[in-house]
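Below is one structure; the comments refer to it alone.
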Amino acid sequence: MNNFEFKNPTKILFGKGQIAKIAQEIPANAKVLLLYGGGSIKKNGVYDQTKEALADFEVVEFGGIPPNPEYSVLMKALKVIKEEKIDFLLAVGGGSVIDGTKFLSAAAFYEGDTPWDLLTNNKPVTEGMPFGSVLTLPATGSEMNSGAVITNEEKKEKLAMGGPGLFPVFSVLDPEVVRTIPQRQLANGITDAFTHVLEQYMTYPVGALLQDRFAESVLQTLIEVAPAIQKDPSDYKAAANFMWSCTMALNGLIQKGVPTDWAVHAMGHELTALYGIDHARTLAIVVGSHYKYNFESKKAKLAQYAERVWNITTGTEEEKAQAGIEKTEAFFHSLGIQTTLSEYTENYKGTASIISERFTSRGWVGLGEHKKLTPSDVEKIIEMSY
């Protein structure tokens with residue numbers, strides 16, 4: 001287990017009625033930009049609760065941030081920030097809205113000519129405009145981490161950014177919002193969080209016993225609550241456990257002191273950029289192929305996962321490892337998530353070479369926990385995912 005630090009300055013307000021407390025977390029004289037997505041918050045009561053909580057603040061609104069937050073839309077919001085002299089940002093939505101707000105937080109203080117450079121220069125963002133979030137869709141963990149992923153439709157790119165300056169000041173997690181989330185989005189949220197854990201766990205053993213147990217407990221909880229939350233999203237107990245599992249899956253805790261992978265995410269982002277496939281579903285497309293292609297290097301951890309998470313206690317290490325992959329794909333199927341690219345698009349042929357070429361053109365240095373996967377390896381993994 002490696003040396004590490006764990007710093008997370010985000011204050012979490014968890015439970016029923018917590019939206020009402022956000023006024024206590026925002027500077028008294030701040031001019032607030034309220035950011036949200038397609039308007040579902042105006043149907044589920046979250047918008048009204050938020051506006052009531054902000055009654056004593058000057059508030060400007062910006063709606064319409066799409067899933068996979070689009071750079072051109074965010075640039076319009078950035079113009080509002082500058083023209084209205086905004087002091088504080090409040091994201092009310094899921095990971096896309098929060099990610100978009102993180103980009104705006106950084107862009108508001110960016111002195112260059114092209115804010116997209118924040119996504120391409122690979123430099124940590126150390127300072128940004130303060131912001132908070134009200135989470136409406138558990139999935140990405142963006143409410144308690146400092147990373148963001150932004151889409152540029154014109155360039156057909158989806159790139160990541162982050163840094164210590166991009167933690168939310170606070171995040172409200174009220175499980176009651178889950179009751180109005182559509183089934184497709186619930187399935188996406190479970191899949192996204194599950195894969196986040198796998199990216200930090202499915203590598204190779206390093207003797208980090210507690211970190212492994214942390215990761216396995218999040219996976220087990222997601223498996224346990226998935227049927228209940230899909231059957232009845234208004235089940236508060238299931239919703240609370242689902243929401244907290246999504247946050248814990250990517251708030252930085254379970255990755256401390258252990259190797260991480262993130263190759264599945266890198267490949268998945270390209271599928272979203274090319275075809276507009278839901279982020280979580282791109283992960284489900286790639287994950288099984290990635291594990292099969294890298295079976296020997298991941299075999300020990302796959303077998304451990306099969307034993308501890310899926311209770312597979314018989315067979316050789318190799319047989320258990322194979323069963324772990326099969327169980328993972330079966331779990332995604334149980335959520336209604338397809339796991340091959342051809343189930344999402346008829347134009348899948350040639351995708352592998354396109355993505356490989358993209359990685360090459362960016363000067364890719366290697367993917368996976370060993371940083372040894374080349375664009376050629378990526379091409380083969382994507383082809384296995386057809």
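Each value in this text was obtained by applying a stated rule to the coordinates, not by laboratory testing. Bear in mind the structure is a predicted one, so any value in this text is a computation, not a measurement. Positions of Cβ are backbone-derived with ideal geometry, glycine not excepted, and every protein chain shown enters the neighbour counts.
At a glance:
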item	result
Out of 282, 260, 247, sole residue that is over 24 Å from residue 326 (Cβ atoms) and touching an Asp or Glu at 6+ places or on another chain (Cβ under 9 Å)	247
Count of the stretch 247-262 residues which are touching a Ser or Thr at 6+ places or on another chain (Cβ under 8 Å) and either among the aliphatic types (A, V, I, L, M) or farther than 21 Å from residue 210 by Cβ (or both)	2
Residue match in the stretch 207-218 (condition: in contact with a strand residue (DSSP E or B) (Cβ under 6 Å, 6 or more places away or on another chain) and either assigned to a helix (DSSP H, G or I) or under 16 Å from residue 138 (Cβ atoms) (or both))	no
Which listed residue, of 352, 321, is over 20 Å from residue 270 (Cα atoms) and either free of Cβ contacts under 8 Å to residues at least 40 places away in the same chain or surrounded by 13 or more Cβ atoms within 10 Å (Cβ to Cβ) (or both)	321
Residues of the stretch 229-270 that turn out to be under 30 Å from residue 344 (Cα atoms) and among the basic types (Lys, Arg), as a count	1
Whichever residue in the stretch 62-94 is in contact with a strand residue (DSSP E or B) (Cβ under 7 Å, 6 or more places away or on another chain) and free of Cβ contacts under 8 Å to residues at least 40 places away in the same chain and, among such residues, is nearest to residue 135 (Cα to Cα)	65
In the stretch 42-54, the residues that are out of contact with any strand residue (DSSP E or B) (no Cβ under 9 Å at 6 or more places or on another chain) and free of Cβ contacts under 8 Å to residues at least 24 places away in the same chain	42, 45, 48
One residue from 335, 367, 373 being of a type outside the set (Val, Ile, Thr), within 30 Å of residue 227 (Cα to Cα) and touching a helix residue (DSSP H, G or I) at 6+ places or on another chain (Cβ under 9 Å)	335
Residue among 59, 97 that alone is in contact (Cβ under 8 Å) with a residue 24 or more places away in the chain, closer than 22 Å to residue 191 by Cβ and β-branched (Val, Ile, Thr)	97
